[in-house]
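One structure is given here, and the rest of the page talks about it.
The values are calculated or read from the model by the stated rules, or taken from the named source; none is laboratory data. A quick note: this is a predicted structure, and the numbers were derived from the prediction, not measured. Positions of Cβ are generated from backbone atoms using ideal geometry, with glycine treated the same way; all protein chains shown enter the neighbour counts. Note: accessible area is taken over every heavy atom of the protein model, side chains too, but ligands, DNA and RNA are not part of it. Shrake-Rupley method; radii C 1.70, N 1.55, O 1.52, S 1.80 Å.
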Amino acid sequence: MTATRISWRPWLSRALSYATAIVLALFVLAPIYVITLAAFSSQTRVYDYPKDLLPRHLSTDTISFFIHFGGMLDALQRSVYVAAITLVLALVVGTPAGYALARFAFRGADTVRLTVVATRAFPIVILSIPLAVIFIRWGIDDTVFGVSIAHTALALPFVVLTTASVFAGVSPELEEAAMTLGCSRLTAFLRVALPLALPGLAASAIFVFIISWNEVFASSLLTLRHRTLPAEVLSLLDGAPLNFRFAGGFFLMAPSLIVILIIRRYLFSMWGRVVK
Amino acid sequence: MTAVAQQATLGRRIRRWEGLPYGLILPTVAYLGLFFGWPMVQAFKLAFREDGNWTIEPFRSMVNDANFGEALKFTLLLVGVIVPIQFVLALAMALLVNAKLPGRGLFLAIFILPLAVSDLAAGLVWQSILTERGYLNTVLEKLGLIDQPHIWLDPTKPNQLLFAVVIAELWRSTAFVMVIFLAGLQGIPKEYSEAAEVFGAGLVQRVWKVILPMLKPSLQVALLFRIIFAFEAFAVVIAITGRAKTTLATEAWRWQADYFDSHVAAAYSALILVLSLVSAGLVVWLLRTPKEQMLR
């Protein structure tokens, strides 16, 4: 009697584990599936009810309607520019600080780290409103550059913390060895530490791109006629037809899924130490 | 050159660079000062100063606005409902991935998919499901559970709208909590949980008495970030409810973008900041580790 119970229990708990995992996985996957299906329905079938649950009548009409709607192509282009400028600015400014936090035990290091974590947690809502006022005074309101500056402020703490975590994963002994063999500190960094850190840095850069691509609150307050893609979608949302919403949802979501698939190997080396 | 001499030159070289870390952090500190610290000061000046005088007029306008009570209530409801549910879901996901199940890599890959999805995109995705001619009604009708489409996003039914925003936010932001939990779980030696099992602790007891106490630092970090971000709920609310529901962040946005009143908008954002700081303080205080319990 007892023997059968013991042999049953691991089997049962494993079956329960799989059942829970599958339910949770379906909760994540089902919305991705249906928005993709909706975005690739033809213009007339978008309004069908009941909806087709299988991909039987695929068409790119709805997506193409969305992309060519109003100033959407220009907004898309601006979004890419803003994200690219943000990526470069945030990495150029933030990577040295990440390296310093990972390599040197200097006075004030903890304060710097804590301040950076705190700014990461500060609401973008608070930052955007004064920036909207300041940018008008500076004459950079409604520009790609202005939005990039705000996005860089938003992404910089993330870059500092993740690059610190990436450099902490590259053994300092390697750089020291290079220096005993005649490298200067700079060449040791450029020829030893940087190449080893490059994949992690690239993952961090890709994530910065998506932070900027996603950001809508600041973008829509800092622009009026020259909106980024999410800001443009948000401003057109009032009374927008279903096909616009479905295609818009898919179009805004797709890059973030691709990014996660690309960088998922580096996710934990990036975030693991952010936590501590 | 002997090893000792080499060490000495290296030491000299490193000492020569003592100022280096400060030079390396300077660009970040300058940037954050200029585009983070200074705007923050400006935000408070906007909220408390008008035409060169100190004033609380913006706060009076905010509190007396017809939408204020609604916005505050809905924001607090969102935080209070989303965060606890998503912590249970995230813990389940993290425990499943951390267990030695075959295929756990695939589950992890699926669970983290929404990690970088924006709240605007999540709102639109869930609208395609919950809208009257949407996918939830389609599935329910095909299963024979309803015979005509049910209106899930009825502007006159606040509880349904709350539910819709909650589920979209659960879908989008639970992955973030899971990643933090999983990183924390991987730092807990398996032996603790196994020992508890040997002594007859069931799953619930093991999670409650062994895993959660050891996961406290991760819990704290995840709570801090999730509560602060939940107070900023914005695009997901607009995408799903249109103008039927409003939060503190959507009010701040409307005062700035539609009514061009930066003072009231800044008052709203100051309120969000205060609420975030108070709850952050509460989290740190409630989850503090007494000195005698510290491992290191």
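Laid out as a table, the results:
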quantity: Label point distance in nm, A:Tyr18-A:Arg107, each placed 7 Å from Cα along Cα→Cβ; calculated: 6.2 nm
quantity: In the stretch B:44-113, trypsin sites (Lys or Arg not before Pro) in a DSSP loop with at most 13 other beta-carbon atoms within 10 Å; calculated: B:Lys100
quantity: Computed label-point distance, nm, for sites B:Val198 and A:Phe65 using a 7 Å Cα→Cβ extension; calculated: 6.5 nm
quantity: Accessible carbon and sulfur surface of the protein assembly as shown relative to its total accessible area, %, 1.4 Å; calculated: 66 percent
quantity: Size of the stretch A:97-197 as Cα extents on the principal axes (Å, biggest first); calculated: 54, 26, 20
quantity: Loop-located trypsin sites (Lys or Arg not before Pro) in the stretch A:16-113, at most 11 other Cβ atoms within 10 Å (DSSP); calculated: A:Arg56, A:Arg107
quantity: Charge tally in the Cβ shell below 14 Å around A:Tyr49, where Lys, Arg are +1 and Asp, Glu are -1, A:Tyr49 excluded; calculated: -1
quantity: Euclidean distance between Cα centres, the stretch B:91-119 to the stretch A:39-102, Å; calculated: 24 Å
quantity: Residue-normalised accessible area of the stretch A:70-267, expressed per residue, 1.4 Å probe, Å²; calculated: 37 Å²
quantity: Average partner coverage of A:256-269, which counts Cβ from other chains inside 10 Å; calculated: 4
quantity: GluC sites (Glu not before Pro), loop per DSSP, at most 16 other Cβ atoms within 10 Å - longest free stretch of chain B; calculated: B:133-296
quantity: A:Leu190 paired with B:Phe44, simple spin-label distance in nm, labels 7 Å along Cα-to-beta-carbon; calculated: 4.4 nm
quantity: Cβ-based net charge around B:Asp51, under 14 Å, with every Lys or Arg adding one and every Asp or Glu removing one; calculated: -1
quantity: Cβ-defined net charge surrounding A:Ala203, 11 Å radius [Lys, Arg +1; Asp, Glu -1]; calculated: +2
quantity: Reduction of at least 50 Å² in accessible surface, 1.4 Å probe, comparing all protein chains with the chain by itself, residues of the stretch A:239-255; calculated: A:Arg245
quantity: Residue-normalised accessible area of chain B, expressed per residue, 1.4 Å probe, Å²; calculated: 49 Å²
quantity: Nearby lysines by direct alpha-carbon distance to A:Lys51 (threshold 29 angstrom, same-chain neighbours under 8 apart not counted); calculated: B:Lys142, B:Lys157, B:Lys245
quantity: A versus B: buried accessible surface, summed, Å² (probe 1.4 Å, to nearest 100); calculated: 8500 Å²
